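Undergrad: Below are the structure tokens for one structure; questions will follow.
The values are calculated or read from the model by the stated rules, or taken from the named source; none is laboratory data. Everything numeric in this text was worked out from a predicted model, so none of it was measured. All Cβ positions, glycine included, derive from the backbone under ideal geometry; neighbour counts span all protein chains shown. Ligands, DNA and RNA are excluded from the accessible area calculation, which covers all protein heavy atoms including side chains. Shrake-Rupley method; radii C 1.70, N 1.55, O 1.52, S 1.80 Å.
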Amino acid sequence: MRLLPAVFLAGNAKVLKDEYVREICEKKKLRRMKVSIEEKEAAFNLLSQGDLFFGDFLLDIVDFDDWKKDERKKLLELAEAVKIDVVVRTEETAKSKNVLVMSLPKPWEREKWMKYVKERLEKHGISAHQSVVELIFERVGPNDELLEREIEKLACVTSQPTEELVEQIVSLHSRTDIEELCFMVSMGNFEATHQLLSSILKNTEAVVVVSVLARHFLDLYKLVLFVENRESYPWPVIKKTSESLGIGLGKTARFLGFSFKGGDRVLNHMTLYDTEKVEKILDRLYWLDLTVKSSSTPNLAIHSFLDQVRQIIGEGA
């Protein structure tokens, strides 16, 4: 059974598209011929030779959205003439009967990302607790290609990863600066927060920043509600707290002021916050989330939020 005239893979899920092409090639015993816009003339020449490719190749057009309209038409007509299998990758809505939509969740759709990460772990033979799934996502962020590379690394080591192992193996990626921003805000260190936020927003959507801020203060809220207020916390208490509240081990340690050997000194958040302060911040975050999803100036709204948090932290201090 052949693919006629072409299968369009719509959406932004690059990993799922790679997997689809790989599985088709394995099933039909085809060799993949990747074609990008830089290679289009070579593809035109090869396809013009007709039967040379019949039954042997799958044509994988990886950047179809960048091609000119007449080039798209020419390539598809040549491919159909020689009856070669064709997969067209596009992020646009394709006008074709043979369309498979492979889209990723929106950056702020955290639960859908948790489901995606869990499915990719299972695809690689990994069984993981929900807290491990969440930690992987926290360290990597909403990027399917980076997530895939990190999951592949984990699969080489174990089929049942722990949080401690994830902390050791899974690299911190684009969210590192956002996580640092979150702690700068919650520790009341506002001297450089606006500058760091401006830098982050050059490459990251405002909704992603708000999502990470919300998760940060929700985790802090759990700690304020359920952890006894002490001047310091020994490691066994931190580890037990992390497990019982479902907060990453490293994050819990930092919230509770535990300084790793050779690391920077951190603030024990329990000495700065009570439930009333965190609830006020979460209320501001609720409205901030609505604003950034509808406003034409979302970045300005986040800068304003930082000033609101500064005021809340100072109340009653």
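Undergrad: Among the candidates L154, L181, single out the residue that is of a type outside the set (G, A, S), over 21 Å from E19 (Cα atoms) and either free of Cβ contacts under 8 Å to residues at least 40 places away in the same chain or surrounded by fewer than 21 Cβ atoms within 10 Å (Cβ to Cβ) (or both). Before you say what the answer is, go through the steps one by one.
TA: On the way: L154 fails: over 21 Å from E19 (Cα atoms).
The match here is L181.
Undergrad: (1) modelled with pLDDT of 75 or more; (2) over 20 Å from V99 (Cα atoms): which one isn't true of F64, the others all being true?
TA: Here F64 clears every test but (2).
Undergrad: Given the conditions (1) part of a helix (DSSP H, G or I); (2) open to solvent by less than 60 Å² (accessible area, probe 1.4 Å); (3) touching a residue at least 40 places away in the same chain (Cβ under 8 Å); (4) more than 15 Å from G250 (Cα to Cα), which single one is not true for E145?
TA: For E145, the failing item is (2).
Undergrad: Quick check on the stretch 162-171. Is at least one of its residues open to solvent by less than 40 Å² (accessible area, probe 1.4 Å), part of a helix (DSSP H, G or I) and in contact (Cβ under 8 Å) with a residue 24 or more places away in the chain?
TA: Yes, the conditions are met somewhere in the stretch 162-171.
Undergrad: Quickly run through the stretch 121-132 and pick out the residues that are surrounded by fewer than 22 Cβ atoms within 10 Å (Cβ to Cβ), assigned to a helix (DSSP H, G or I) and not acidic (D, E). Even if it seems obvious, please write down each step before you answer.
TA: Just the residues of the stretch 121-132 that are surrounded by fewer than 22 Cβ atoms within 10 Å (Cβ to Cβ), to begin with: 121-127, 129-131.
Next, from what is left, pick out any that are assigned to a helix (DSSP H, G or I): 121-123, 130-131.
Passing the criteria: L121, K123, Q130, S131.
Undergrad: Sticking with this one: How many residues does the stretch 63-81 hold that are surrounded by fewer than 18 Cβ atoms within 10 Å (Cβ to Cβ) and either more than 11 Å from A6 (Cβ to Cβ) or among the aliphatic types (A, V, I, L, M) (or both)? Steps first, please.
TA: Within the stretch 63-81, the first condition is being surrounded by fewer than 18 Cβ atoms within 10 Å (Cβ to Cβ), and the residues that meet it are 63, 65-66, 68-74, 77, 80-81.
Remaining after also requiring either more than 11 Å from A6 (Cβ to Cβ) or among the aliphatic types (A, V, I, L, M) (or both): 63, 65-66, 68-71, 73-74, 81.
Matching residues across the stretch 63-81 total 10.
Undergrad: Touching a residue at least 12 places away in the same chain (Cβ under 8 Å), more than 12 Å from V185 (Cβ to Cβ) and surrounded by fewer than 16 Cβ atoms within 10 Å (Cβ to Cβ): is that true of K293 in this structure? Step through it out loud before you land on a result.
TA: Numbers: touching a residue at least 12 places away in the same chain (Cβ under 8 Å): yes; more than 12 Å from V185 (Cβ to Cβ): yes; surrounded by fewer than 16 Cβ atoms within 10 Å (Cβ to Cβ): yes.
Spelling it out, K293 is indeed touching a residue at least 12 places away in the same chain (Cβ under 8 Å), more than 12 Å from V185 (Cβ to Cβ) and surrounded by fewer than 16 Cβ atoms within 10 Å (Cβ to Cβ).
Undergrad: Tally time: how many residues in the stretch 33-51 are of a type outside the set (F, W, Y) and surrounded by fewer than 17 Cβ atoms within 10 Å (Cβ to Cβ)? Explain how you work it out, then say what you get.
TA: Quick first cut of the stretch 33-51, residues of a type outside the set (F, W, Y) only: 33-43, 45-51.
Now narrow it down to the ones that are surrounded by fewer than 17 Cβ atoms within 10 Å (Cβ to Cβ): 34, 36-39, 41-42, 45, 48-51.
Counting residues in the stretch 33-51 that are of a type outside the set (F, W, Y) and surrounded by fewer than 17 Cβ atoms within 10 Å (Cβ to Cβ) gives 12.
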